[in-house]
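What follows is a short report on a single structure.
We did not get these values from a lab; they are worked out from the coordinates using the rules stated. Keep in mind it's a predicted model, so treat the numbers as computed, not measured. For neighbour counting, all protein chains shown are included, and Cβ atoms are generated from backbone atoms with ideal geometry for every residue, glycine included.
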Amino acid sequence: MIFNKKKLLGSVTNDSYYVDVAIVTESIKGRYITSKDIIKYFSNVSKILKASTRQRRKVAIKHACMAYHGYGLKPIRRAKIEYIFKKILIPTDKWKSRDYFTEIEIEEICRNSGKRTRLIIKALYETALRVSELCSIRKSECERIGEQYKISVICKGGVVGVVYMESSTYCAIDKIYQGETYLFETSPGRHISRHTISTMLKRTGEKFGVNLYPHKIRRSFASNMVKKYGIIPVSKYLLHSDPGYTAKNYINEKEKKITIMR
């Protein structure tokens, strides 16, 4: 979408938004502003401005974009504007300080990541595997059962475990990575490395201002699933012999208290 800068600024009907809209528009060169310019602006200031300031400016510029078309804003155009601003991810300070992500946060990170990185994040979260275990998944050990794939893996300590992945995720990985032996391959017969995955996640995290690494996704799975299924099923899925170990090392403090009360 393209907006005329002068008209965009003039369309602001809320005085409290005017200064923020002016700052955003003046930072972008040229007479016109595109949706890519807006997304790029918020990406550039992610390490400079506080989350609260970015959120305020996001609300202000979104208001201006909506008002730009006046009362004639059609549902399709409104949906396009909503989609643009969904791409602008602004983590709160609380989000940054936690050692896990909620399911909604995982979805937002995936939605705003590149194809290859998004599939790695989804695979890590759905299987809850350690990064080395994910790298070594062989296609011969994957079996489709309904809407899921059953995957046999050799886990830490030589334990053979079974995890599951959504068929849509598996098929997308197969299409993008085109592995022959392994699910994630960088070249025929050679699986992706732990370092490569860690680097991809780190770069994605930096773009959003959060600390993103493989084991944090595994911990996020544990914290989120305990709320739904309790500690014992989750501990078994993670292939831990002792639920106490799962609670101590994978569950956040608030969930530990809930687990103890159950």
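Could you tell me how far the Cα centroid of segment 144-161 sits from the Cα centroid of segment 207-221, in Å?
22 Å
So how do 234-243, 128-137, 25-34 stack up, highest first, on mean other-Cβ count within 10 Å?
Peptide ranking by packing, descending: 128-137, 234-243, 25-34.
What number, in percent, do you get for the relative contact order of the chain if the mean sequence gap of Cα pairs under 8 Å and at least 6 apart is divided by its residue count?
Once divided by the residue count of the chain, the mean separation gives 16 percent.
Rank by packing, highest mean first: peptides 40-46, 179-185, with packing defined as the count of other Cβ atoms within 10 Å averaged across residues.
Numbers: 40-46: 16.4, 179-185: 18.0.
Per-residue mean Cβ counts within 10 Å order the peptides as 179-185, 40-46.
Place a point 7 Å from Cα of Asn44 in the direction of its Cβ. Which residues in segment 1-28 have their backbone N less than 11 Å from it?
Label zone hits: 24-28.
What nm value, rounded to one decimal, do you get for the distance between Arg77 and Ser193 when each label is placed 7 Å out toward the C-beta?
Once both label points are built, they end up 5.1 nm from each other.
Output the relative contact order of segment 2-90, whole-number percent, from Cα pairs under 8 angstrom with separation of 6+ residues.
Relative contact order for segment 2-90 comes out at 39 percent.
What does the highest-first list of 74-80, 16-22 look like by mean Cβ count within 10 Å?
16-22, 74-80
Over 25 Å between Cα atoms: which of Lys7/Lys58; Lys6/Lys58; Lys40/Lys227; Lys74/Lys122 fall into that group?
Lys40/Lys227; Lys74/Lys122
Add -39500 (n - 2.57) for each DSSP H run of 4 or more in the chain, then divide by its residues: what number comes out at 222 nm, to the nearest 500 deg cm²/dmol?
Theoretical 222 nm ellipticity from helices: -17500 deg cm²/dmol.
Based on alpha-carbon centroids, what's the gap between segment 171-186 and segment 97-121 in Å, whole number please?
Using only Cα atoms to place each centre, the spacing works out to 20 Å.
With respect to the cross-link table entries Lys50/Lys216; Lys36/Lys62; Lys50/Lys248; Lys47/Lys216, which display a Cα-Cα separation exceeding 25 Å?
Exceeds cut-off: Lys50/Lys248.
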